[in-house]
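Each remark here refers to the structure printed beneath this line.
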Amino acid sequence: MKKRNILLAGIAMLIPLSLILSGNIVSAATDDTHFSFAVLGDTQKFKAGAAKGGLQRAVSRISKKKVDFVLAMGDLASSCKGDDKCSKSWKKWKKIVYADLPKAYLVMGNHDRTTHQADDLWQDTFDLPTNGPDGFEELVYSFDNGNSHFVILNSEKPDWHSISQEQLNWLEEDLKNDEKDNIFVFFHEPAWPVSSKIGESLDVNASERDSLWSILANYNVTAVFSGHEHLYSRRKIDKSVLPGVKNDIYQFIVGNTDAYRHNAPKKKITDFYYRNKSYVVVSVNGKEVTVKDYKLNGNAVDTFKFSK
């Protein structure tokens, strides 16, 4: 009994008094429902030596927020044909991001895959999960963090504007085995573009796009993030957009952290948009999710809270 009391006293010394008084000792020690991650948009115009460049400023701001990890939405550099120039650009990007931020998970964009030779170079340059379908190692994958599941798809392989059938088959199996509270899905080209990439995104293959979205809706995905369009936008995809869809899903486009601006969306096509350079921080609090878009000066542009 004496040993047990000594053990409890030792544990108490490691736990803040405020937690003991609140009665949350167990949840504080095991709670995995509170965390945050950042989302970087397209950075194809970044310059390695530009201390005040868009990418550098975003990384600096995000580093102060102590996020758990970062998602980059693709088009890291301007063009990749699988050559030395491409490799050097990615390594410069990696040096900037990895120097001040925690683990980064990457989405491949169309500018990252100008030719199929870029696949091997991507795999050599970055260290990403390899649990995707055959032939898509480090290009398609999933991982868990806390109470949430994350899925990265590839809208560029084997062809641009497409989430291939191999990926759809893998995606359904991946989601079928998931029991997490939240599911976040990421791919470069938006399913429903809102501006300059209409006709140059997954809408090019509408039936394939709808098949993808039906899977996401059937498994009640929490949110979908894309890049490609150089702006930030928020849009609810519901039955008014895709008749017969089972569950509403918010589509967030985060496409301009260090790129050039695209046109403003047509009226009423989005719930909110912002055209200038920005980055996003997502805070998870159980099943409650807050998505906050920031200007590069650190001021919030959009704060949106929801739950599934």
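The values are calculated or read from the model by the stated rules, or taken from the named source; none is laboratory data. Computed from a prediction, not measured in an experiment: that's the story for all the values here. So basically every Cβ, Gly included, is an ideal-geometry build from the backbone, and we count neighbours across all protein chains shown.
Structure data summary
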read-out	value
Residue selected from the range 27-60 under the condition within 16 Å of ASN147 (Cα to Cα) and either assigned to a helix (DSSP H, G or I) or among the acidic types (Asp, Glu) (or both), by the criterion modelled with the highest pLDDT	ASP32
Hits in the range 76-129 (condition: small (Gly, Ala, Ser) and at pLDDT below 95)	ALA77, SER78, SER79, GLY82, SER87, SER89, ALA99, ALA118
Any pair with Cβ under 6 angstrom, 6 or more apart, that starts in the range 74-89 at a residue that is in the same structural domain as GLY41 (by TED's automatic domain parsing) and ends at one that is β-branched (Val, Ile, Thr)	GLY74/VAL107; LEU76/THR43; SER79/THR114; CYS80/THR114; LYS81/THR114; LYS81/THR115; GLY82/THR115
Hits in the range 245-259 (condition: over 25 Å from SER60 (Cβ atoms) and part of a loop (DSSP other than H, G, I, E, B))	VAL245, LYS246, ASN247, ASP248
Pair list, Cβ < 9 Å and 6+ apart or interchain, from the range 297-308 residues that are over 10 Å from PHE272 (Cβ atoms) to residues that are hydrophobic (A, V, I, L, M, F, W, C) and not in a strand (DSSP E or B)	LYS308/VAL221
Identity of the residue in the range 95-151, acidic (Asp, Glu) and in a helix (DSSP H, G or I), that ends up farthest from ASN285 (Cα to Cα)	ASP120
Residues being modelled with pLDDT of 95 or more, surrounded by fewer than 24 Cβ atoms within 10 Å (Cβ to Cβ) and assigned to a loop (DSSP other than H, G, I, E, B) - total across the range 260-282	11
Criterion (over 23 Å from GLY53 (Cβ atoms), surrounded by fewer than 23 Cβ atoms within 10 Å (Cβ to Cβ) and touching a residue at least 40 places away in the same chain (Cβ under 8 Å)) met by exactly one of GLU208, GLU189	GLU208
Conditions (1) surrounded by 21 or more Cβ atoms within 10 Å (Cβ to Cβ); (2) touching a strand residue (DSSP E or B) at 6+ places or on another chain (Cβ under 9 Å); (3) more than 30 Å from ALA50 (Cβ to Cβ); number of the one not met by ASN145	(1)
